[in-house]
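First the structure, in the form of structure tokens, and then the observations on it.
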Amino acid sequence: MKPSTPPPSNAPGLLIAFEGIDGTGKSSQIRLLAATLRGQGVAVVATREPTDGEYGRRIRALYVQRDTVSREEELALFVADRRQHVAQVIMPALAAARVVLTDRYYYSTAAYQGANGLDFEDILRQNEAFAPRPDLVLLLRIPVAEGLRRIRMNRGESPDTFEGEDYLARVVAVYDRLAGANIVRIDGLGSVDEVQARVLAAVRPLLAGRGPGV
Ligand code: TYD
């Protein structure tokens, strides 16, 4: 049976999470979608995790020296960062009827910390206890080798400690196991515009009834 789209649960706002490994083009897709929605008069809040707050900064320091904390401590940092993000940014924006686009959310914790040996289902439960469930999760998919190629090409950087090939293959394996009627998998291969068309096709049904269509 084809799963039906559940009704938006974050009314009067709408919460859309972008997920996928690095190099899938999440941030470009969010930028384009935010511009399209704003052009239609929709009030958008574009945000991201890790945040720029206290915990987010500590997490970024980990990119360079990941082995200085245990995997449980690392998980605790991502969850603390998210608690702050939910309380200070996401909930107020939803209450103010904004469309919230977040570059990563708790599915990243399930996938990345799950790939690091923790139980991804426990991680989901822990997060779902305090974080609103997105109305839509756009899971962008590209092969790991392509993600790494794009990171090297676009950023002129070598991949960081969260970006080893074997590790990312395990991250993808967890992303592949995520299930839920709010999760839509999107092929991230092709031009930015081609992918944006797929993103819009997934977002449009949720926006119907919110005023001018996109
Ligand atoms: P990333 O999206 O690359 O952030 P930025 O581009 O702003 O530096 O996220 C940083 C890394 O953190 C990324 O490789 C995935 C990882 N991560 C987790 O391991 N768990 C999480 O819960 C989140 C949100 C990110």
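FYI, it's all coordinate maths here, none of it is from the lab. Everything numeric here is computed off the predicted structure, so don't read it as measured data.
Using a 10 angstrom cutoff on alpha carbons, build the Gaussian network for the chain and name the most mobile of 109, 68, 36.
Answer for the Gaussian network model of the chain: 68.
Go through segment 27-43 residue by residue and turn each phi into a ³J(HN,Hα) via Karplus (6.51, -1.76, 1.60, θ = phi - 60°); whole Hz please, and just put x for glycine and proline.
For segment 27-43, the Karplus curve yields 5, 5, 5, 5, 4, 5, 5, 4, 5, 4, 5, 4, x, 9, x, 7, 7 Hz.
Please compute the contact order of the chain in relative form: average sequence separation of alpha-carbon pairs under 8 Å and at least six residues apart, divided by the residue count, as a percent.
Result for the chain is 33 percent.
To the nearest 10 degrees, how steeply does helix 192-207 sit against the main Cα axis of the chain, on a 0 to 90 scale?
60 degrees
Could you pull out every residue, at least 5 positions away or on a different chain, whose amide H is within less than 5 Å of the one on residue 13? Hs are placed 1.01 Å off N in the peptide plane, and Pro or chain starts have none.
97
So which residue, out of 168, 178, 138, gets the largest mean-square fluctuation from a GNM of the chain using Cα contacts under 10 Å as springs?
178
Compare 63, 106, 175 in a GNM of the chain, Cα atoms joined below 10 Å, and give the one with the largest fluctuation.
63
Could you work out how far helix 165-177 tilts from the main Cα principal axis of the chain, as a 0 to 90 degree angle to the nearest 10?
That works out to roughly 40 degrees.
Please list the equivalent ellipsoid semi-axes of the chain, computed as the square roots of five times the alpha-carbon gyration tensor eigenvalues, in descending order and whole angstrom.
Listed largest to smallest, the semi-axes of the chain are 27, 20, 17 Å.
Please report how far the C-alpha centroid of segment 114-132 lies from that of segment 176-191, rounded to the nearest whole angstrom.
Going from one Cα centre to the other spans 19 Å.
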